[in-house]
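Trainee: Below is the structure I would like to discuss, written out as structure tokens.
Rule-based calculations on the coordinates, nothing more; no lab input. Keep in mind the model is a prediction, meaning the values are calculated, not measured. Cβ: placed from backbone, ideal geometry, glycine included. Neighbour counts: every protein chain shown.
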Amino acid sequence: MNGRRPFLKRLDDSKYLLLLFLPAALFYLIFEYAPMFGIVVAFKDYNTFAGVWASDWVGLKYFRIFLFENPDFLLLLRNTFLLGVYSLIWGFPAPIILALLLNELRSSIFKRTVQTVSYLPHFVSNVVIVSMITMFLSPDGGLVNKIIGIFGADPVYFLSKSEFFRTIYVSSGIWQGVGWGTIIYLAALTAVDPHLYEAAELDGAGRWKRMLHVSIPGIVPVIIILLILNIGGLLGTGFEKVFLLYNPMVYATADIFSTYTYRVGLLQGNFSYATAIGVFNGVVGFILIVATNRLAKRTQETSLW
Amino acid sequence: MRRKWSMAITLILLTAMIAACSSGNNNPPAASPNSSEPVADATKEPSEQPPTKLTMMVQSHPSWPVNKDWLVYRELGKLANVQLDVSGYQGDWWEAIPLVIASGDMPDLMWMSGPDIIHKHGGEGALVNLLDHMDQMPNLQAWIAEHQEITDALLSTDGKLYMNPAQGAYGDWDGLWLYREDIFLKNNLAVPKTYEELFDVLVKLKELYPDSYPLFVPNWGTMNQIALSFGTANTFYYNEQSKKWQYGPTEESYKQALQFLVDAYAAKLIPVEFGSLDENKRNEMITTNQSFIVYGYIGQIDSFNNLARGENPEFKMAQFTPPGGAGNPGYHGKEFRFQEGLTVASNSKNKEAAFRFIDSMFTEKAKEVVSWGVEGITFEKVDGKNKYLPIVKDTATRAVSFGLRTAGVNAWFDNEANISLFNEETKASYIEAGKHIAPAGQVATFTKEERESISLKQQAISKFVSENVSKFIIGQRPMSEWDAYVKGINDLGLSDVLNVFEQAYARSQQ
């Protein structure tokens with residue numbers, strides 16, 4: 001190759017592309033990068049009247065309060081982390097498996113029906129889902145307890161027992177999200193070269209072996225990318241569903257960063273404290289996403305960047 | 001040539017799009033204060049000046065959204081010679097208020113609720129200390145002299161008053177115990193006077209109605225009321241006998257109150273789904289004879305009766321005289337302090353008019369306007385007493401159509417106006433319930449440092465208590481572990497918090 005063409009010439013050549021990119025760039029600059037200055041609020045004692053710049057600088061005070069003086073910090077960390085990890089371990093493979101199974105179906109009507117029915121729950125609001133869960137698990141006539149009663153056991157008040165909270169949260173989450181998640185994987189599966197399937201069949205591979213050696217390797221890049229993205233969001237476990245589902249009896253496993261912040265930060269109007277917690281979440285998410293990306297690059301050669 | 005044209009058209013479209021989007025997003029914050037001529041001539045009567053424009057932001061309640069043309073704004077404006085330009089906070093008021101202040105563009109008058117928020121923003125310098133301008137507010141000064149405790153409860157740690165005091169809009173008390181009078185009469189059950197008798201009555205009710213949970217206790221919050229009837233409280237409180245600040249949930253009387261609930265849950269007298277109940281479930285249980293005693297609000301007597309009488313014409317919800325526990329008198333609740341009002345922005349350009357307006361709300365005439373409205377339009381005088389005209393059907397129409405008893409214009413309110421809207425049943429319950437209200441509790445106001453020093457500990461204690469009290473009640477934790485539970489609370493720094501309470505209270509008593 002000759003030396004690279006001078007910068008200005010390259011700029012001129014792609015001026016239309018840059019122009020097209022301009023609105024998106026402006027959007028990100030204004031709405032995503034500029035607000036990052038707000039992080040400084042976490043290091044200040046924010047006085048709403050005096051404004052951000054005039055407020056006193058307190059350094060790491062709120063971080064110290066949150067991380068070290070807070071007796072519940074380890075509990076919150078453990079709960080948030082475990083809820084996220086369990087959702088990942090159980091909830092991540094589910095759409096993949098469903099997509100692989102759907103891919104094997106021959107009857108397209110059945111396939112389409114199953115797809116539609118399975119991603120309907122995604123559109124139902126968390127409030128409705130939690131109401132349904134409360135009804136089904138009710139110790140006083142709920143469906144699950146009625147079934148338990150048939151086997152002769154006493155009704156169990158599931159929602160009051162901390163040991164059940166994660167199971168309830170994760171399994172309802174799977175039911176909510178599995179159908180929607182299959183969409184991407186099914187799309188990726190259609191991109192797998194049909195010749196590979198034929199070649200495998202010729203070599204004597206049965207259904208199962210074909211899935212294992214053709215389908216799965218075909219969608220590995222998609223799996224990795226989604227995995228990286230999901231891990232980055234690990235500590236950001238949703239506020240809404242946990243808040244609706246929990247009660248004081250299950251705080252031991254159900255109280256997470258966001259519900260804690262809601263009770264403490266919001267109700268006291270302490271912006272600095274709430275921002276400090278948000279910054280902490282962001283930093284941890286960033287570390288996780290960079291680490292996972294690096295791991296993926298080294299082992300699989302597929303990565304986000 | 002064609003390429004040039006298409007470039008030009010693209011650029012024009014782009015510019016048009018950017019222009020359209022940017023003007024749409026720029027919601028001008030609440031109309032910037034109009035600076036009218038400052039009152040130059042102090043000797044002139046206010047009524048000879050043209051009315052000063054005052055901007056005001058209040059809570060826009062979803063049931064009666066703010067309407068700039070409400071009668072109450074016009075009339076009050078006439079009284080004080082101001083022209084009110086009223087708007088509502090966008091979204092939840094507790095989130096919107098800090099945003100309005102942070103924006104730097106505050107209206108002249110801002111409605112706020114509760115001492116915490118006014119101390120926070122007053123301390124930051126956003127609000128005017130009304131006590132510095134009492135010379136301009138003679139009516140308010142006279143009113144404060146007659147209502148010193150109400151005002152004292154609003155003072156900051158350095159003795160400043162950032163919000164006008166208020167009284168009367170929601171009566172003197174907040175909630176009350178209700179029960180199915182018809183069920184008790186039908187089964188010849190006597191109204192219990194103590195919690196032991198209450199337990200027996202509940203057991204009898206359970207025998208008569210095996211599928212019911214006679215006492216509706218949705219979560220540990222009901223301890224707020226029950227603890228009061230046992231002579232303690234569900235939080236930090238000032239004990240008038242010992243003259244000390246104490247924490248209810250560690251006390252012996254609280255243990256007895258808790259034991260009542262523990263036994264009640266075991267005997268299935270309170271809902272087994274303790275902790276997961278919501279309003280809909282409550283209404284369902286009450287109207288289908290699954291629950292007979294519940295804590296609620298005076299307006300709910302009517303709403304429950306109306307809901308249920310379609311199917312069950314004998315259904316009658318009435319005031320349930322609260323039984324007492326451990327030898328203490330029973331109470332519905334504590335005297336209610338209505339702590340909402342207006343604050344004046346420290347950078348307002350119309351402070352004089354603002355003070356004049358606030359002062360005018362503490363005259364008898366204004367009290368009549370905000371409670372009853374305008375004679376001939378909303379009320380009439382019958383035998384010397386005020387009576388709403390038929391156009392005011394209930395509290396909802398009163399607010400929606402005329403703005404009566406809405407945020408910001410209910411400082412000195414005639415509670416008789418509220419009572420006049422009750423039907424006979426509710427009125428009887430209201431009057432009876434008023435006999436069982438405990439006096440208002442003492443208040444401790446903290447400095448910022450004090451508040452920060454105890455905030456974490458308070459949070460941790462509160463979480464520990466709510467978790468463990470709930471577990472005691474449903475039997476997940478046996479009451480034999482009570483001492484371990486008290487030790488747990490003490491270990492979280494309870495004595496430190498109590499010391500700060502004493503310190504702050506002592507300071508306010510000087």
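Trainee: For residue B:186, go through the aspartates and glutamates and keep the ones whose alpha-carbon is under 14 Å away, minus same-chain ones fewer than eight residues off.
Mentor: Output for residue B:186: B:314.
Trainee: What is the antiparallel percent of DSSP beta bridges lying wholly in chain B, to the nearest 5?
Mentor: For chain B, the DSSP antiparallel bridge percentage is about 60.
Trainee: Let me ask another. Put a dot 7 Å past each Cα toward the Cβ at residue B:385 and residue B:336; how far apart are the dots in nm?
Mentor: About 2.1 nm separates the two model spin labels.
Trainee: Report the FRET efficiency, 1/(1 + (r/R0)^6), for residue A:25 and residue B:396, where r is their Cβ-Cβ distance and R0 is 56 Å, rounded to 0.05.
Mentor: That pair, residue A:25 with residue B:396, gives E of 0.65.
Trainee: Only Lys, Arg, Asp and Glu count, each charged at its Cβ (+1, +1, -1, -1), so figure out the dipole size of chain A about its Cα centre, rounded to 20 debye.
Mentor: Roughly 620 debye for chain A.
Trainee: Name the residue from A:6, A:31, A:49 whose Cα lies farthest towards the positive end of the charge dipole of segment A:1-59, charges +1 on Cβ of Lys and Arg and -1 on Cβ of Asp and Glu.
Mentor: Value computed over the given set: A:6.
Trainee: Shifting gears a bit: Using the Kirkwood formula over every pair of different C-alpha atoms, what hydrodynamic radius in Å results for segment A:60-300?
Mentor: 20.7
Trainee: Something else now. Of all beta bridges DSSP finds with both residues in the protein assembly as shown, what is the antiparallel percent, to the nearest 5?
Mentor: Around 65 percent antiparallel, to the nearest 5.
Trainee: 7 Å from Cα along Cα→Cβ at both residue B:92 and residue B:423: what's the point-to-point distance in nm?
Mentor: Going by the 7 Å Cα→Cβ label model, 3.5 nm.
Trainee: A further question on this structure: How many nm separate the modelled label positions at residue A:144 and residue B:377, each set 7 Å beyond the Cα in the direction of the Cβ?
Mentor: 5.8
Trainee: Next question. Which pairs, out of B:193/B:334; B:193/B:255; B:68/B:120; B:349/B:448; B:268/B:435; B:365/B:435, put more than 23 Å between their alpha-carbon atoms?
Mentor: B:68/B:120; B:349/B:448; B:268/B:435; B:365/B:435
Trainee: Hey, how much of the P(r) for segment B:415-510 falls beyond 22 Å, as a percent of Cα pairs?
Mentor: Taking all Cα-Cα pairs of segment B:415-510, the fraction more than 22 Å apart is 58 percent.
Trainee: Please arrange A:207, B:398, B:451, B:309 by counting, for each residue, the other beta carbons lying within 10 Å of its beta carbon, fewest first.
Mentor: Lowest to highest Cβ neighbour count: A:207, B:309, B:451, B:398.
Trainee: Please work out whether segment A:22-119 counts as rounded, prolate or oblate from its C-alpha gyration tensor, where a ≥ b ≥ c are the square roots of the eigenvalues and a/c under 1.5 means rounded, while otherwise a/b larger than b/c means prolate and anything else oblate?
Mentor: Note, shape of segment A:22-119 comes out oblate.
Trainee: Determine the shape class of segment B:339-453: with a ≥ b ≥ c the square roots of the Cα gyration tensor eigenvalues, call it rounded for a/c under 1.5, and otherwise prolate if a/b is greater than b/c, oblate otherwise.
Mentor: Oblate shape, in that a/c is at least 1.5 and b/c is the bigger or equal ratio.
Trainee: Only Lys, Arg, Asp and Glu count, each charged at its Cβ (+1, +1, -1, -1), so figure out the dipole size of chain B about its Cα centre, rounded to 20 debye.
Mentor: Computed about the Cα centre, the dipole is about 1300 debye.
Trainee: Where does each of B:180, B:3, B:74, A:64 land when they are ranked from fewest to most other beta-carbon atoms within 10 angstrom?
Mentor: B:3, A:64, B:74, B:180
Trainee: With unit charges on the beta carbon (Lys/Arg positive, Asp/Glu negative), name the residue among A:139, A:105, A:261 whose Cα is farthest towards the positive pole of the charge dipole of chain A.
Mentor: It is A:105, whose Cα lies furthest towards the positive end.
Trainee: A further question follows. Between segment B:394-434 and segment A:1-47, what's the alpha-carbon centroid distance in Å?
Mentor: The two parts, judged by their Cα centres, are 58 Å apart.
Trainee: Does the protein assembly as shown classify as rounded, prolate or oblate by the C-alpha gyration tensor (a ≥ b ≥ c root eigenvalues; a/c under 1.5 gives rounded; else a/b over b/c gives prolate, otherwise oblate)?
Mentor: Taking the square roots of the gyration eigenvalues as a ≥ b ≥ c, the protein assembly as shown is oblate.
Trainee: Could you list the square roots of 5 times each eigenvalue of the Cα gyration tensor of segment A:1-59, that is, the equivalent ellipsoid semi-axes, sorted largest first and rounded to whole Å?
Mentor: Over the Cα atoms of segment A:1-59, the semi-axes work out to 42, 14, 8 Å.
Trainee: So if we plug the beta-carbon distance of residue A:154 and residue B:491 into 1/(1 + (r/R0)^6) with R0 = 30 Å, what FRET efficiency do we get, rounded to 0.05?
Mentor: 0.30
Trainee: Now, a different point. Between Rg and the Kirkwood Rh of chain B, both from Cα atoms, what is the Rg to Rh ratio?
Mentor: 1.04
Trainee: Once the piece of chain linking residue B:352 and residue B:131 is laid out straight, how much longer is it, given 0.36 nm per residue of separation minus the C-alpha distance between them?
Mentor: 78.2 nm
Trainee: Out of B:464, B:505, B:475, whose Cα points farthest toward the positive end of the dipole of segment B:448-509 (charges: +1 Lys, Arg; -1 Asp, Glu; placed on Cβ)?
Mentor: Highest projection toward the positive end goes to B:475.
Trainee: Report, ordered by chain and residue number, the lysines lying within cross-link reach of residue B:367, taken as a straight Cα distance under 17 Å and ignoring same-chain residues fewer than 8 apart.
Mentor: B:78, B:381, B:385, B:387
Trainee: Per DSSP H run of n ≥ 4, the term is -39500 (n - 2.57); total these for chain B, divide by its residue number, and report the mean residue ellipticity at 222 nm rounded to 500 deg cm²/dmol.
Mentor: -13500 deg cm²/dmol
Trainee: Next question, about the same structure. Run the dipole for the protein assembly as shown about the Cα centre, Lys and Arg Cβ at +1, Asp and Glu Cβ at -1, nothing else charged, and hand back the magnitude in debye, nearest 20.
Mentor: 3440
Trainee: Here's something else I'd like to know. Can you sort B:370, A:114, B:382, B:500 from fewest to most other Cβ atoms within 10 Å of each residue's own Cβ?
Mentor: B:382, A:114, B:500, B:370
Trainee: Calculate, for residue B:2 and residue A:67, the FRET efficiency according to 1/(1 + (r/R0)^6) with r their C-beta to C-beta distance and R0 51 Å; round to the nearest 0.05.
Mentor: 0.20
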